[in-house]
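A short write-up of the structure that comes next.
The values are calculated or read from the model by the stated rules, or taken from the named source; none is laboratory data. Since we're looking at a predicted model, the values are computed, not measured. Using ideal geometry, Cβ is built from the backbone for each residue, glycine included, and neighbour counts are taken over all protein chains shown. For accessibility, only protein heavy atoms count, side chains too; no ligands or nucleic acids. Shrake-Rupley method; radii C 1.70, N 1.55, O 1.52, S 1.80 Å.
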Amino acid sequence: MAKTIQAPLPGTFYRASAPGEPPFKLEGDAVAVGDTVGLIEVMKSFTPVVAEEAGMLITFHVENEDAVMAGQPLYDLA
Amino acid sequence: MAVSTIFIANRGEIAVRVIRAARELGLRTVQAVSAADGDMLAARLADAVAPIGPAHATKSYLNKEAVVRAALESGCDAVHPGYGFLSENADFARMVEEAGLVFIGPKPETIRQMGDKARARQEAQAAGVPTVPGTEGVVADFDIAKAEATRIGYPVMIKAAAGGGGRGIRVARDEAELATLFPQASGEARAAFGDGGLYLERFIGRARHIEVQVLGDGKRAVHLFERECSLQRRRQKVWEEAPAACLSEEQRAVLCASAVRLAERVGYRGAGTLEYLFDDETGEFFFIEMNTRIQVEHPVTEMVTGVDLVRAMIRIAMGEPLALAQEDIALRGHAIEARICAEDPAADFRPSPGTVAALTLPGGFGVRFDTLLYAGYSVPPFYDSLLGKLIAHDESRAAAIARLDRALGELVVEGLPTTAPLHRALAADPAVQSGKVHTRWLEEWLAAAPLAAPSAASASIPVTAA
């Protein structure tokens with residue numbers, strides 16, 4: 001059963017560490033506890049989105065560079 | 001060039017500042033807004049708003065095509081770029097001019113020339129403005145490095161030509177250290193950047209950041225004295241003053257005259273700032289770069305000179321000659337600006353966007369607060385954390401500090417933490433009061449005695465000085 005992971009804080013969501021770098025995680029990738037799944041930029045300060053649960057990443061709900069609100073769905077794990 | 005409507009290609013407090021100046025000149029304003037900024041104060045104050053794209057700045061405030069298109073479609077005839085974003089982008093300035101609009105700032109070629117550090121340094125040297133002593137280009141080998149270091153004077157900084165952002169930098173205090181560090185640095189630079197090229201520069205351990213404000217009309221330039229911005233955290237200015245109290249009258253005259261020479265040499269148009277490092281121990285100053293825009297800390301200069309810099313830059317852009325002669329500009333008193341940011345100083349300056357539940361603004365004689373805040377406003381997380389600039393002006397530096405502290409005590413921002421407690425602690429600190437600071441002072445001070453944790457809504461409660 002899929003579990004939806006929410007944004008821990010508001011800001012801009014990034015799927016990679018820098019433009020041109022490969023994404024931290026692709027859809028279908030395994031996610032372990034402690035893995036970085038993305039970054040959220042809040043007022044020019046970057047906070048990693050770190051997985052607190054393991055599973056397989058099924059889908060992202062937001063695109064790279066999308067604005068996210070705290071609590072907004074980020075990705076689904078199965 | 002007749003201008004009737006200005007497009008504000010920026011956001012936050014500087015957008016408010018430009019709208020106010022435009023309105024006083026009888027000009028209309030159209031405010032650019034990203035999808036996150038429809039409710040901001042500048043959008044409420046402007047005569048009209050123009051959407052320019054999504055929240056993310058690269059898709060809105062940094063999107064040159066979208067900004068120029070919105071300016072044209074909203075019937076504007078001039079563009080004010082504010083600071084940050086596209087304000088020092090020569091391509092943007094050129095696009096604005098090619099679209100038949102007035103760019104409120106320098107000529108595009110001046111932005112390009114002064115934005116290139118090497119070219120700016122050459123221009124400074126040609127204008128007789130001292131620059132940080134260093135090698136011209138890459139040093140071929142250790143023998144040349146040894147000779148150059150003797151000429152430059154120790155301590156010297158060894159920098160990787162291909163480096164950047166502070167990477168690959170070493171400091172040698174004497175020739176023995178240079179002999180050890182030079183080959184090391186070269187090897188590391190080759191490994192890290194694929195290029196072992198190194199150059200040398202004088203290392204100034206205890207520098208003050210001093211900058212000179214200039215206005216030019218393309219032919220003639222004047223200075224509006226200097227500011228000191230040595231209190232910085234992570235290379236961000238935190239607290240700024242005008243004038244720089246550490247300078248003698250003679251040093252001030254020499255410094256400011258050097259800035260006018262460089263501004264006139266490059267035919268500078270508009271408001272600009274020349275940044276210098278000032279070595280307290282030797283009394284030497286060195287030009288480092290020019291900012292070809294209005295700066296965040298411009299109000300302290302306005303307070304001590306009585307000159308409205310934003311109004312002046314608009315008038316110059318409209319084709320008017322400089323209205324001021326150098327002898328018209330005098331220093332009166334001392335002004336200090338405290339940057340009030342949405343950051344929690346008790347939690348390592350964690351950014352803290354949120355909604356302003358209630359707001360009490362400071363006021364009274366000699367107090368100015370340039371801010372984007374209003375009660376009920378939700379500060380978005382997408383842009384920088386500056387909420388406002390609290391400026392105190394008084395007869396002397398000591399009086400200005402006391403007035404700033406008094407005004408900080410009146411400021412209450414409920415709903416999000418701000419850096420106001422940091423400024424109260426600084427105002428109470430003996431080193432700040434005596435002006436014995438340098439560009440690394442604030443970080444050392446914070447590391448030695450982190451600020452006590454006030455609660456989020458207690459910006460008005462005095463913080464015990466550390």
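Entry for chain B at q = 0.06, 0.10 Å⁻¹: log10 I(q)/I(0) = -0.28, -0.79, Debye formula applied to identical alpha-carbon scatterers, no solvent contribution. On a per residue basis, the stretch B:207-448 carries 35 Å² of accessible surface, using protein heavy atoms and a 1.4 Å probe.
Scalar couplings 3J(HN,Hα) for the stretch B:21-27, obtained by applying the Karplus form with A = 6.51, B = -1.76, C = 1.60 to θ = phi - 60°, are 5, 5, 4, 5, 8, x, 9 Hz; x denotes Gly and Pro.
Probing with 1.4 Å while keeping every protein chain in the model, the per residue accessible area of the stretch B:5-104 equals 35 Å².
Only protein atoms count toward the accessible area here, which uses a 1.4 Å probe; on the protein assembly as shown, the carbon and sulfur part of that area reaches 52 percent.
Taking a ≥ b ≥ c as the square roots of the Cα gyration tensor eigenvalues, the protein assembly as shown comes out rounded, since a/c falls below 1.5. Remark: for residue pairs A:Lys25/B:Lys389; B:Lys159/B:Lys219; B:Lys219/B:Lys436; A:Lys44/B:Lys117; B:Lys117/B:Lys146, the C-alpha separation exceeds 31 Å in A:Lys25/B:Lys389; B:Lys159/B:Lys219; B:Lys219/B:Lys436.
How big, in percent, is the set of alpha carbon pairs in the stretch B:384-428 lying more than 16 Å apart? The partial results should precede the final answer.
Working: 374 of 990 pairs.
Tail fraction, whole percent: 38.
In this structure, the amide hydrogen of A:Met43, modeled 1.01 Å from its nitrogen in the peptide plane, lies closer than 5 angstrom to those of B:Phe382, B:Tyr383, counting only residues at least 5 positions away or on a different chain.
Given the convex hull over the Cα atoms of the stretch B:5-104, what projected area results after averaging over all orientations, in nm²?
5.2
The Cα trace of the stretch A:3-77 gives Rg and Dmax of 11.1, 31 Å, the first to one decimal, the second as a whole number. Over both sides of the B-A contact, add up the buried accessible area with a 1.4 Å probe and give it to the nearest 100 Å². Rounded to the nearest hundred, the buried surface is 1000 Å². Relative contact order of the stretch B:142-202, taken over Cα pairs closer than 8 Å and 6 or more residues apart, is 42 percent. Close amide H contacts of A:Tyr75 (hydrogens built in the peptide plane, cut-off under 5 Å, sequence separation of 5 or more or a different chain): A:Ile5, A:His61. Each Cα pair under 8 Å and six or more residues apart adds its sequence gap; the mean of these over the residue count of the stretch B:207-448 is a relative contact order of 22 percent. Across the stretch B:250-266, coupling constants 3J(HN,Hα) worked out from phi with the 6.51/-1.76/1.60 Karplus curve, θ = phi - 60°, read 5, 4, 4, 5, 5, 4, 5, 5, 5, 5, 5, 4, 5, 4, 6, 4, 8 Hz, and Gly and Pro carry x.
Tell me the GluC sites (Glu not before Pro) within the stretch B:99-155 that lie in a loop according to DSSP and have at most 14 other beta-carbon atoms within 10 Å. Walk me through the numbers before you get to the answer.
Values: sites: B:Glu109, B:Glu123, B:Glu136, B:Glu148; in loops: B:Glu136.
Answer by residue number: B:Glu136.
Considering protein heavy atoms only and a 1.4 Å probe radius, which residues within the stretch B:366-402 exhibit an accessible-area decrease of no less than 30 Å² in the full assembly relative to the chain by itself? Correct list: B:Pro381, B:Phe382, B:Asp384.
Calculated mean residue ellipticity at 222 nm for chain B: -10000 deg cm²/dmol, from DSSP H runs with n ≥ 4 weighted as -39500 (n - 2.57), summed, divided by the residue count and rounded to 500.
With contacts taken as Cα pairs under 8 Å at a separation of at least 6 residues, chain B carries a relative contact order of 14 percent.
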